[in-house]
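Worksheet: the structure to be examined is printed underneath.
The values are calculated or read from the model by the stated rules, or taken from the named source; none is laboratory data. These numbers were taken from a predicted model, which means no experiment stands behind them. In this analysis, Cβ positions are derived from the backbone assuming ideal geometry, glycine residues included, and neighbour counts consider all displayed protein chains. Ligands, DNA and RNA are stripped out before the accessible areas are found, and what is left, the full protein with its side chains, is counted by its heavy atoms. Shrake-Rupley method; radii C 1.70, N 1.55, O 1.52, S 1.80 Å.
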Amino acid sequence: MRRRLALLLLAALLAGVAAPAALGGTPAPARLVEVPHAGASTVRGGRFTLAGLHWQGPGRVLFRTRSLDGRWSAWRPAAPEGEDGPDVRAHEARRSRGWRVGNPWWTGPSDLLQTRTAGRVRRVRAVLVWSPESLVPYRAPAAVGQPAIVPRATWGADESIRRSPPSYADAVRFAVVHHTAGRNDYTRAEAAAIVKGIQLFHVRGNGWNDIGYNFLVDRFGTVYEGRFGGIDRNVVGAHARGFNTGSVGVALLGTYGGTAPSKAALDALAGLLAWRLDLAHVDPAGFLTALSGGNERYAPGLPVTLRNVSGHRDTGFTECPGDALYGRLDALARTARATGGAKIFDPLAEEVEATFRFRARLSGPLPWTVVVRDAGGVEVARGSGAGTELDWTWDPAGAAPGAYGWRIEAGGARPAAGTLRVAGGAGTLAVQELTASPAAITPNGDGQADTAELAYRLTKDANVTVAVETAEGGAVATLVDRAWTRAGERTVTLDGSGLADGSYRVLVSARRATGESAEAETTLLVSRTLGTVTVAPGAFSPNGDGRLDRLTVRFPLASPADVRVRVLREGSWVASVFAGSLGAGEQRIVWSGERASGTLRDGTLEASVEVTDAVGTFAFAVPFAVDTVAPRVRILPGRRLRVEVSEAAALVVRAGDTVLRRRVAGPAVVRLPASGARRVHAVAWDAAGNRSEPAVWIAPKGAGGRGQ
């Protein structure tokens, strides 16, 4: 009895709901109950109308339920739709991480659940939902072409349990059709209760933010609003893992592996898809390529070709929406395309060079118009035509910079609209502030100054070419070839591996369709005389203690050159180490930390090697640290001795005959293991070789060696 009470309390805490009422009271809306045995078990969780299972391990779980009149259902698998759910990285997916999540199954009023397992199953829990049946009225359509949809408030959605505000995608690109699993012989009164039960299961059981589907449809042709956020907005659901963003999930209540959907259900599905995809100007009979967000079937980032009306099995390893429904999807898409009259598909306003190109497909030969208006609503351009393809270009020459609205109309189709931004207009085209950093590179493949970053500012949108020429004007390489480029700060990386040693001119040219042009140039030097520069040690301490007192700068020269080695702090001179001519080969310069005046302060500095050859001067700087201060070590008394170290260091502690070595990454307190020693000695060395003063602890007379 104690174990049962504990399990029920745990279920209540996990589900976030009160424990079940006493026998004869109203059952709790949702209960999460641990199944005590992994093999075969009976769960007595009070009355419920919908059930599902979670489990851990690679094995399978079967379950059956007993109705209130004593009849047992058939055994059924716990998870026929394993790919239902939020995207892998979605916050709401974290609450069920580590569990295999089964789908909710409408059982009708029941009081017992039995489980069986096959294979390795470590843990099982049952989600039991009480959702009594109710009759709900239809909702009148709120807009032309919109089907009657039962709102959340009418089917009894519990808004208090929603965990987070809805997320929205930029656009809806396709629909995913599901079945929910469960009985097909439910009544009208049970249908709304099933929808509410699914919400309770998804939120209380799975830990999701809300019901996973965007819409649900029953066998009588009633459409229900699903996930909160607006039926005409791009709400991101939790119905097709890896493909939730940009899709709308529609679920038909019931199981359709071998049972055909009713005509009323198919007609309602077609009408719903016709309206919802038309809102997004998506062709129900078309195709798209979607990038997977990651699931068991498709790796993250993998492009997947899908139908605009796809079945759930197209996006993951699942049988959903069942063979009998899946085989009707193409016909369903064709019906949706033909429902609702004329349509505009895939409208696009695309900037091409200095113009804007408008394109769209039409559901039939239709007259069309495109109108562009400024921010004040004044019409600035109009195009028109007729046919099944819309293609019109607007040249904004002379238009003031700013935002413009556009609208496409075609026959009686739902208009398409959007905004665009004109960045050009006023001012003169110019390429400004062109620089190469560094201006002299050594492309010998060592990762030091092999490339240069070209930076410039473009005053107006234009076609841009970036070319490299010899000092005499001969073309060597083209980095960017007439690419349409937005106004603003821009960068281009120049790889010098294909350039011979010498002096080059980098030319940036810009040109607009109106003929306006501009250019700028800068100089780039290339030489492979200087090789890889290294310094050792990375931290040194010129304090005369004999440990890491000297810094060695090494670098190879491919040919004789004049060399200067300096020490810099934030680009400013600190000390001169070497200046003179050196021959080809490996070079080694040693510095003891001396400088012309003053004392060398601790901190981060750079060793700069500058080489002047026949081409010009090339430099590369490598950072290092100066550290002349030794770490501080203290032994802190107490029941357990601890050692406090003031900085990153290697710590050595001797406690009697025991030696402890520990490397700490920063200021730290190290707890010492018990040893019974009466004397403890600790010392530390930092990365620059500075040794701390030793710290010693001796057990008080008369006291046993607490040994920390």
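Here the peptides 223-229, 187-193, 167-173 are ranked by packing, the mean other Cβ count within 10 Å, and the order with the highest first is 223-229, 187-193, 167-173. For Cα pairs less than 8 Å apart in space and 6+ apart in sequence, what is the mean separation divided by the residue count of the stretch 457-591, i.e. the relative contact order in percent? Normalised by residue count, the contact order of the stretch 457-591 is 17 percent. Relative to the current alpha-carbon distance between residue 189 and residue 317, full extension at 0.36 nm per residue lengthens the span by 42.8 nm. With bins 5 Å wide beginning at 0, the percent of Cα pairs of the stretch 169-211 falling in each bin runs 5, 17, 19, 20, 19, 14, 5, 1. Compactness of the stretch 622-698 was expressed as the Cα radius of gyration divided by 2.2 N^0.38 Å, which yields 1.13. With Rh defined as the Kirkwood radius, the inverse of the mean 1/r over Cα pairs, the Rg/Rh of the stretch 573-693 is 1.20. A protection proxy built from the mean count of other Cβ atoms within 10 Å ranks the segments 366-378, 646-658, most packed first, as 646-658, 366-378.
In terms of overall dimensions, the stretch 427-505 has a Cα radius of gyration and Dmax of 13.5, 44 angstrom. Against the empirical 2.2 N^0.38 Å (N residues), the chain has a Cα radius of gyration ratio of 1.38. Distances between every pair of Cα atoms in the stretch 482-588, grouped in 10 Å steps from 0 to the bin holding the largest one, split as 10, 26, 26, 17, 14, 5, 1, 0 percent.
Using only alpha carbons, the stretch 175-298 has a radius of gyration to Kirkwood radius ratio (Rg to Rh) of 0.95.
Note on residue 604 and residue 521: with the Förster distance fixed at 51 Å, the Cβ-Cβ geometry gives a FRET efficiency of about 0.90.
Gain on full extension, evaluated as 0.36 nm per residue between residue 348 and residue 636 minus their Cα-Cα distance, stands at 96.6 nm. Calculate, for residue 650 and residue 437, the FRET efficiency according to 1/(1 + (r/R0)^6) with r their C-beta to C-beta distance and R0 56 Å; round to the nearest 0.05. Plugging the Cβ-Cβ distance into 1/(1 + (r/R0)^6) gives 0.90. The residues of the chain expose on average 45 square angstrom of accessible surface per residue, using a 1.4 Å probe on protein heavy atoms.
Placing a label point 7 Å from the Cα of residue 388 along the Cα-to-Cβ direction, the residues of the stretch 353-368 whose backbone N falls under 15 Å of that point are 360-367.
Divided by 2.2 N^0.38 Å, where N counts the residues, the Cα radius of gyration of the stretch 230-298 comes to 1.25.
Along Cα→Cβ, 7 Å out, is where each label goes; now give me the distance between the ones at residue 549 and residue 446 in nm to one decimal. A separation of 2.9 nm, rounded to one decimal place. Peptide packing for 471-477, 568-574, 59-65 was compared via the average number of neighbouring C-beta atoms within 10 Å per residue; ordered from the highest value, the list is 59-65, 568-574, 471-477.
Computed on the Cα trace of the stretch 292-360, the radius of gyration divided by the Kirkwood hydrodynamic radius gives Rg/Rh = 1.13.
Available extension along the chain between residue 625 and residue 359 is 89.7 nm, counting 0.36 nm per residue and deducting the alpha carbon span. Shown here is the pair-distance distribution of the stretch 257-405: with all Cα-Cα distances grouped in 5 Å bins from zero up to the longest one, the shares run 2, 8, 13, 15, 14, 13, 11, 9, 7, 5, 2, 1, 0 percent. Its DSSP H runs of at least 4 residues, each contributing -39,500 (n - 2.57), put the calculated 222 nm mean residue ellipticity of the chain at -2500 deg cm²/dmol, to the nearest 500. When only Cα pairs below 8 angstrom with a gap of at least 6 residues are kept, the chain shows a relative contact order of 7 percent.
For the pair residue 698 and residue 572, a Förster radius of 51 Å applied to the C-beta separation gives a FRET efficiency near 0.55, rounded to the nearest 0.05.
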